[in-house]
Amino acid sequence: MKTMLYIDGFNLYYSAVKDTPLRWLNPVALVTRAFPRNTIIGTKYFTARVRALPHNAGQPQRQMVFWRALKTLPNLSIIEGDFRTRKVRAAVVSPPPNTIEVYKTDEKGSDVNLAAHLLMDGFRNHYECAIVMSGDSDLVTPIRMVREELKKPVGVLNPQRLSGPNCRPARKNAGLQQAASFYQNGVTWAQLVAAQFPATLTDANGTFHKPPSWGAP
């Protein structure tokens, strides 16, 4: 079936690849391997531009290199939300002091943007089937609406990493699973390794490389 892919970029990052050498991930390749019967005709990647922090000054530059890699994929669009960083006071377990000042980061808009595009593209008949890559239960309602009102199947790939170092215990998302036409609960380390971009890529502006600090998978 002609399938549009909708990717929750921050959910994918924090669920599967943060602090690993797997960040150079081709998410379209990952989904294609998971659901080989679907033909991906377009991809929308929902994310936001991060800001430099004192302990991670190079993060924005690495993100731009990754976005450049994503843009080498055919028919992929990056839909931007808003990334906010602010200082807040947070409680600590053992005083003194009983609070400390920390950086708090929030990504706003991606889940709403994803839901809006999923619905609007469905109303415009831009796909026969949709696949959503996210573990966010806030997307249950729009997925169910596409299935029930538009009569189009919607699959879900929950990107929680199920194996490898520092993986969290598997958490089933019953709401997403029940809303979806088909569902995969999690990805393995081996699946992520198999879906990495080549270390060196070329686009209209020349050759570029995976950020060195991301290491080898």
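The values are calculated or read from the model by the stated rules, or taken from the named source; none is laboratory data. As the structure is a computational prediction, the values presented were derived from the model and not from experiment. Here Cβ is always computed from backbone atoms with ideal geometry, including for glycine, and neighbour counts include all displayed protein chains. Side chains included, ligands, DNA and RNA excluded: accessible areas come from the protein's heavy atoms. Shrake-Rupley method; radii C 1.70, N 1.55, O 1.52, S 1.80 Å.
Values as computed for the structure displayed
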quantity: Antiparallel content of DSSP bridges confined to the stretch 148-217, in %, to 5; calculated: 45
quantity: Distance (nanometres) between label positions extended 7 Å along Cα→Cβ at residue 207 and residue 174; calculated: 5.4
quantity: Options 50, 36, 72, ranked by Cα towards positive dipole end of the stretch 25-83, top entry (Cβ charges); calculated: 36
quantity: Inter-label distance, nm, simple model (7 Å from Cα along the C-beta direction), residue 92/residue 126; calculated: 4.9
quantity: Pairwise label distance in nanometres, residue 77 with residue 116, each label 7 Å out on the Cα-Cβ vector; calculated: 1.2
quantity: Backbone N under 16 Å from the residue 182 label point (7 Å along Cα→Cβ), restricted to the stretch 1-17; calculated: 1-6
quantity: Over the chain - Rg/Rh using Cα atoms and the Kirkwood inverse-distance radius; calculated: 0.99
quantity: Percent carbon-and-sulfur accessible area, the chain, ignoring ligands, DNA and RNA, probe 1.4 Å; calculated: 52
quantity: The stretch 9-73: equivalent-ellipsoid semi-axes (sqrt of 5 x gyration tensor eigenvalues, Cα, Å); calculated: 25, 13, 10
quantity: Assigned charges on the beta-carbon of Lys, Arg, Asp, Glu; the chain dipole about Cα centre (debye); calculated: 240
quantity: For the chain: accessible area per residue (Å², 1.4 Å); calculated: 52
